[in-house]
Amino acid sequence: MRILFIGDIVGKVGRRMLSEHLLGLKREHGAQVAIVNGENAAHGKGITEKIYKEILTSGADFITLGNHAFAKRDVYEFMEQDIRMVRPANFPEGAPGKGYGVVNVNGVKLLIMNLQGRSFMDAIDCPFRKADAILESVEADEIFVDFHSETTSESLAMGHYLDGRVDAVVGTHTHVQTNDEQVLPGGTKYITDVGMTGFKDGILGIRKEEVIERFIHQLPVRHNVPEEGAGILSGVIIDTGTNKIAKIRIEE
């Protein structure tokens, strides 16, 4: 199976880049399924039902989230419906939504799992034990994992922990595309962070002046996500049949 994954969509510029390039990338790479991380799609924080539908209309087949999954309160009830979107599976019991989904891709059952790291992030349930529990209870032909993590060490640990048991572990959250795409010894395709899709000339999709000011003065500064400007799209193409993973990067 050939899987196209697009990293963290940030705000309006990110959604525009997705709309302009996703269908072309699917055709160019012969992707059978396109997965998109949309946890920053609503002005840089969270997602809404309207934006969920917009991302699917752009050509995405499935959406993963992260630590901002519940930033928009109006999405809580929506997450309980039968939708093509998952939030991190290791949120505590009772959280809205699901942490994994199984989709049929030309007769092949693909398990899409979303997990969140705990280093420098909220102390939610253990992602390693949660991954074990899901793998023990769900049957699938191929398995894809979006690991939403702050640190390279925890991401690498998850990659090696799941090596040979899943087809791919891709990292999201830092918005910086790493240069370590590889096939691990057990055959799992891995990258520490896929990167972001959003405003190019800022810091992690946010206006750079505001981020720099916060670092200098150590005072709260409202971060604004630009609604226009040059964009960047980051992703990976994973071929489970030929055991390959390759980065994608489009800059305006």
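Remarks
- Evaluation of GLN177 against the conditions (1) modelled with pLDDT of 90 or more; (2) in contact with a helix residue (DSSP H, G or I) (Cβ under 7 Å, 6 or more places away or on another chain); (3) polar (S, T, N, Q) shows that the sole unmet condition is (2).
- Residue check for GLY159: on the phi > 0 side of the Ramachandran plot and modelled with pLDDT of 95 or more: no
- Test: residue in region 108-116 that is more than 16 Å from ASN37 (Cα to Cα) and touching a helix residue (DSSP H, G or I) at 6+ places or on another chain (Cβ under 9 Å): no
- Only one of ILE143, ILE134 that is in contact (Cβ under 8 Å) with a residue 40 or more places away in the chain and under 25 Å from ASP61 (Cβ atoms): ILE134
- Applying the criterion of at least 3 residues that are in contact (Cβ under 8 Å) with a residue 24 or more places away in the chain and surrounded by fewer than 20 Cβ atoms within 10 Å (Cβ to Cβ) to the strands (runs of 3 or more DSSP E) found wholly in region 10-124 leaves 100-105.
- Scanning region 132-148 for residues that are of a type in the set (D, E, K, R), surrounded by fewer than 19 Cβ atoms within 10 Å (Cβ to Cβ) and either assigned to a helix (DSSP H, G or I) or within 11 Å of the chain's Cα centre (by Cα) (or both) yields ASP132, GLU136.
The values are calculated or read from the model by the stated rules, or taken from the named source; none is laboratory data. In this text, all values refer to a predicted model and were calculated from it rather than measured experimentally. Note that each Cβ is placed from the backbone with ideal geometry, even for glycine, and that neighbours are counted across all protein chains shown.
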